[in-house]
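Here the structure is laid out as structure tokens; the discussion comes afterwards.
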Amino acid sequence: MTSLSVDTHRCDAEPPAVDPDTFRDVVGRFATGITIVTTVDVDGQPAGFTCQAFMSLSTEPPRIVIAPGRESVTWEKISRSRSFCVNILGDSHEPVARRFARRDNHKFDDVDWSRSDATGSPVLGAAAAWLDCSLGDVFDLGDHCLAVGVVREVAIGAHRTPLIYFRGGFMPPAQPVGD
């Protein structure tokens, strides 16, 4: 198998002015799945946030990407712990997604979770699937970071229909997706 050489470069040109509200409306028309990204802070306390900016990056080796806000309290904890778990939510998990979207210290109250074997990050009992990761490269880009997750452990839960976010809200349940 031949490997392709890839040239990397930065575009430092100033982008044209785009109205932030219009930008949000345009990108909001792209439906995304919903995840909860979790970690355990340096004091052993669980932390997490709702994240729709998630994607797979590579299968060989397994890598994913999340894009947390730079001002996120949980992101600060992830950057210190150097590990996190991406919990993929099913369509019945909207209340959990809304809970983890808030800024408070009680997100894990009455939530079923356990620690992953690989990094000890919280795995939510309600997750449709999860990916436990060590923190890889991080790129500072605007008001968010692009963080690469080095996948250490994965699992699939029983829930098969995803929770979808579109145009600022959660979509009604879709038809179940087969294996």
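The separation of region 44-59 from region 83-99, counted between C-alpha centres, amounts to 10 Å.
Ordering A155, C145, V18 by the projection of their Cα atoms onto the charge dipole of the chain, which places +1 on the Cβ of Lys and Arg and -1 on the Cβ of Asp and Glu, puts A155 at the extreme positive end. Ignoring any ligand, DNA or RNA, what whole percent of the accessible area of the chain comes from carbon and sulfur when the probe is 1.4 angstrom? About 54 percent, which is the carbon plus sulfur part of the accessible surface.
For region 81-150, the equivalent ellipsoid derived from the alpha-carbon gyration tensor has semi-axes of 22, 16, 12 Å in decreasing order.
Each listed q (0.11, 0.12, 0.17 Å⁻¹) maps to a log10 I(q)/I(0) for the chain, found by the Debye formula over equal Cα scatterers with no solvent: -0.51, -0.61, -1.15. Between L146 and T59, the contour length at 0.36 nm per residue exceeds the alpha carbon distance by 29.5 nm. Each label was represented as a point 7 Å from its Cα along the Cα-to-Cβ direction; for A155 and R98 these points are 2.8 nm apart. Solvent-accessible area per residue in the chain equals 64 Å², computed with a 1.4 angstrom probe and all protein chains kept.
The values are calculated or read from the model by the stated rules, or taken from the named source; none is laboratory data. Note that the structure is a prediction, hence the values are computed from the model and not measured. So basically every Cβ, Gly included, is an ideal-geometry build from the backbone, and we count neighbours across all protein chains shown. Just the protein is used for accessible areas: all its heavy atoms, side chains included, with ligands, DNA and RNA removed. Shrake-Rupley method; radii C 1.70, N 1.55, O 1.52, S 1.80 Å.
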